[in-house]
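> Quick one: structure below, then a few questions.
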Amino acid sequence: MTLTVREERLGAWWVLRVEGELDLVSAPTVRRRVHDAVAEGRRDLIIDLGGVRFCDSTGVGVLIAARRLLRSCAGRLRIILPPEAGGEGSHVNRVLAALGVLRLFEHYPDPESAARDAAEPLPT
């Protein structure tokens, strides 16, 4: 399965919609898209992981690096993790929770709720 990343604007936020497998082979694509967004001056970024069917430690590393990068330039990062237990994207939720890093991220069920500036993240 290949990885696709689509970009769109949602209010003040930029959304990277990631679909496919986020692994050793595809993670550099997501890393590059995050770096490109920051280089273009985008500081409010949502990474939508709802379409990610598989994520390995390399993918988790990219998410942590994105968080670090955005924090270093006074930016904000929010991620989308669908709440349904068997839905696409739930694999990422389980991986992040199992590794103990889910708490590092503001995560939401959909881009619209994440884009609200007063949005409250889902509990971890």
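> So Val18 passes all but one of these: (1) in contact with a strand residue (DSSP E or B) (Cβ under 9 Å, 6 or more places away or on another chain); (2) at pLDDT below 95. Which condition number does it fail?
Exception for Val18: condition (2).
> Show the residue pairs meeting these rules: Cβ distance below 6 Å; 6+ apart or different chains; first residue within segment 44-60 and under 12 Å from Val30 (Cα atoms) and polar (S, T, N, Q); second residue crowded, with 24+ Cβ neighbours inside 10 Å and at pLDDT below 95.
Filtered contacts from segment 44-60: no entries.
> In segment 85-106, how many residues are on the phi > 0 side of the Ramachandran plot, surrounded by 13 or more Cβ atoms within 10 Å (Cβ to Cβ) and at pLDDT 85 or above?
So the answer is 0.
> For segment 4-41, how many residues meet the condition of being part of a loop (DSSP other than H, G, I, E, B) and surrounded by 19 or more Cβ atoms within 10 Å (Cβ to Cβ)? If you could, list the steps in order and put the result at the bottom.
First, pick out the residues of segment 4-41 that are part of a loop (DSSP other than H, G, I, E, B): 11-12, 23-26, 40-41.
From what is left, the residues that are surrounded by 19 or more Cβ atoms within 10 Å (Cβ to Cβ) are 26.
Residues flagged as part of a loop (DSSP other than H, G, I, E, B) and surrounded by 19 or more Cβ atoms within 10 Å (Cβ to Cβ) within segment 4-41 amount to 1.
> Next question. Among the candidates Arg53, Arg68, which residue alone is outside any loop (DSSP other than H, G, I, E, B), modelled with pLDDT under 95 and of a type outside the set (Asp, Glu)?
Arg53
> While we're on this one: Quick one: would you say Ala39 is over 13 Å from the mean Cα position of the chain (by Cα), of a type in the set (A, V, I, L, M, F, W, C) and modelled with pLDDT under 90?
Spelling it out, it is not the case that Ala39 is over 13 Å from the mean Cα position of the chain (by Cα), of a type in the set (A, V, I, L, M, F, W, C) and modelled with pLDDT under 90.
> Something else: Only one residue in Pro109, Pro82 is at pLDDT 85 or above and out of contact with any helix residue (DSSP H, G or I) (no Cβ under 6 Å at 6 or more places or on another chain), so which one is that?
Pro109
> A follow-up question, please. Given (1) out of contact with any His (no Cβ under 8 Å at 6 or more places or on another chain); (2) touching a residue at least 24 places away in the same chain (Cβ under 8 Å), where does Leu81 come up short, assuming only one miss?
Exception for Leu81: condition (1).
The values are calculated or read from the model by the stated rules, or taken from the named source; none is laboratory data. Source: prediction; values computed, not measured. Reconstructed Cβ throughout: ideal geometry from the backbone, glycine too, with neighbour counts over all protein chains shown.
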